[in-house]
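Colleague: Here it is, the structure in full.
The values are calculated or read from the model by the stated rules, or taken from the named source; none is laboratory data. Fair warning: this is a prediction, and the values are worked out from it, not measured in the lab. Glycine gets a Cβ as well: all are built from the backbone with ideal geometry, and neighbour counts include every protein chain shown. These accessible areas exclude ligands, DNA and RNA; they are computed on the full protein's heavy atoms, side chains included. Shrake-Rupley method; radii C 1.70, N 1.55, O 1.52, S 1.80 Å.
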Amino acid sequence: MVVLMQSGASEEQIQHVIDRLVSLGFDIHRSTGASHTVVGAIGVGPDFDPRDIEVLSGVREVVRVTQPYKLANRAFKAEDTIVHFPNGVCIGGPEIVVAAGPCAVESADQIEIIAARVAELGARILRGGAFKPRTSPYSFQGMGEPGLHLLRQAADRHGLLVVSEIMDASQLPLMQPLVDILQVGARNMQNYHMLRALGAARRPVLLKRGLSATIEELLLAAEYIMSGGNHNVILCERGIRTFETATRNTMDIAALPVIKKLSHLPVFADPSQGTGRRDQVAPMARAALAAGADGLLIEVHNDPERALSDGAQSLYFDQFAKLMSELRMIAPAVGRRLA
Ligand code: PEP
Ligand code: MN
């Protein structure tokens, strides 16, 4: 349930509403916006009568939220969530943020060459997996911890933030000091034990949509993280599994405006996993930006043909350069700019 206070409601009135809700057994999350305060109340009982709250002074409206997620719900927080980083990068504001890099960190040279180039072309975040969730246990599984250090060092040399996938809650102490954004992979979107652990983490989380997850399930996964106290969640559409076999996954561009309407959280798009083919990455990246994505996650490799994972969907540097210049032109047409 969401209690929308009148714009001039006094602190005393707000506190009275909160005290009443607490005495009724609700968990309270208060959000103070520019024009009014919203009090989110979680744990609504079946015999609760909303009129008990509606009649309190200073209350404008009581809305019973029918969606099962509350903290991720736009009804609870009308303003877009902006995730801020110490180096000034903001995700969810007017600027579109591009995260680029290889699917996996493969060597010191590889990650250095890629970091230098993507930074020069305007990416603000370096991506690269050190722990890779591969479909086959015989495929390259990532470099592990040494890969994380190489990723961090290359990013620092070029002023980039780092995003990398966490595959298990036990990796949090290792990863937290080394990455700026913890990526939850599609296969782990419903690893609720890990989502809870990330709720206590001090790093923003990039939460990817599961291969066959509905948007509601994605938002409920975000709710797990947020209910633990970590509200810096960035959602990511990365394609879903459908009957279509022409692309690796079906890039659900429509999910972007749907999520934007349902939630205040920022949303990224990953057209690399979304299509699985480098010739389709740029068109889907352009479409995602136009459809409201706050950022893009793009696989770029210095030698895609010899990449240890996802080479076929990794862009050559010149393709990435061209895409960045296209994004720079598209962004102003939809009221955004490239960070
Ligand atoms: C990746 O980003 O390389 C990756 C494995 O992503 P996903 O979890 O979306 O498959
Ligand atoms: Mn990949």
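Colleague: Scan the range 30-40 for residues that are surrounded by 16 or more Cβ atoms within 10 Å (Cβ to Cβ) and at pLDDT 90 or above and report the count.
Modeller: Residues that pass the stated criteria total 4.
Colleague: So, one more: Which condition from (1) touching a residue at least 60 places away in the same chain (Cβ under 8 Å); (2) among the small types (G, A, S); (3) at negative phi is the one that G159 breaks?
Modeller: (3)
Colleague: Right, V63: out of contact with any helix residue (DSSP H, G or I) (no Cβ under 8 Å at 6 or more places or on another chain) and touching a residue at least 60 places away in the same chain (Cβ under 8 Å) or not?
Modeller: Numbers: out of contact with any helix residue (DSSP H, G or I) (no Cβ under 8 Å at 6 or more places or on another chain): yes; touching a residue at least 60 places away in the same chain (Cβ under 8 Å): yes.
Answer is yes for this residue.
Colleague: Would you call M194 within 16 Å of ligand 2 (Cβ to nearest atom), crowded, with 18+ Cβ neighbours inside 10 Å and either within 25 Å of V162 (Cα to Cα) or not charged (D, E, K, R) (or both)?
Modeller: no
Colleague: Another one. Residues in the range 41-55: is at least one surrounded by fewer than 17 Cβ atoms within 10 Å (Cβ to Cβ), in contact with a Leu (Cβ under 9 Å, 6 or more places away or on another chain) and in a helix (DSSP H, G or I)?
Modeller: Looking for residues that are surrounded by fewer than 17 Cβ atoms within 10 Å (Cβ to Cβ), in contact with a Leu (Cβ under 9 Å, 6 or more places away or on another chain) and in a helix (DSSP H, G or I), one finds at least one in the range 41-55, hence yes.
Colleague: Okay, next question. Could you list all residues from the range 261-300 that are open to solvent by 10 Å² or more (accessible area, probe 1.4 Å) and more than 19 Å from L211 (Cβ to Cβ)?
Modeller: Those that are open to solvent by 10 Å² or more (accessible area, probe 1.4 Å) and more than 19 Å from L211 (Cβ to Cβ): K261, L262, R278, D279, A282, P283, R286, A287, A290, A291, G292.
Colleague: Here are M194, M167: which of them is part of a loop (DSSP other than H, G, I, E, B) and within 16 Å of ligand 1 (Cβ to nearest atom)?
Modeller: Being part of a loop (DSSP other than H, G, I, E, B) and within 16 Å of ligand 1 (Cβ to nearest atom) holds for just one of M194, M167, which is M167.
Colleague: Report those strands (runs of 3 or more DSSP E) wholly inside the range 59-160 carrying at least 1 residues which are over 24 Å from M329 (Cα atoms).
Modeller: Details: elements: 59-63, 95-101, 125-127.
Filter on the range 59-160 gives 59-63.
Colleague: So A246 fits all but one of (1) in contact with a Phe, Trp or Tyr (Cβ under 6 Å, 6 or more places away or on another chain); (2) surrounded by fewer than 23 Cβ atoms within 10 Å (Cβ to Cβ); (3) of a type in the set (G, A, S); what number is the exception?
Modeller: Here A246 meets the rest and fails (1).
Colleague: Separate question: Kindly provide the set of residues from the range 262-281 that are assigned to a helix (DSSP H, G or I) and among the hydrophobic types (A, V, I, L, M, F, W, C), ordered by number.
Modeller: L262, V281
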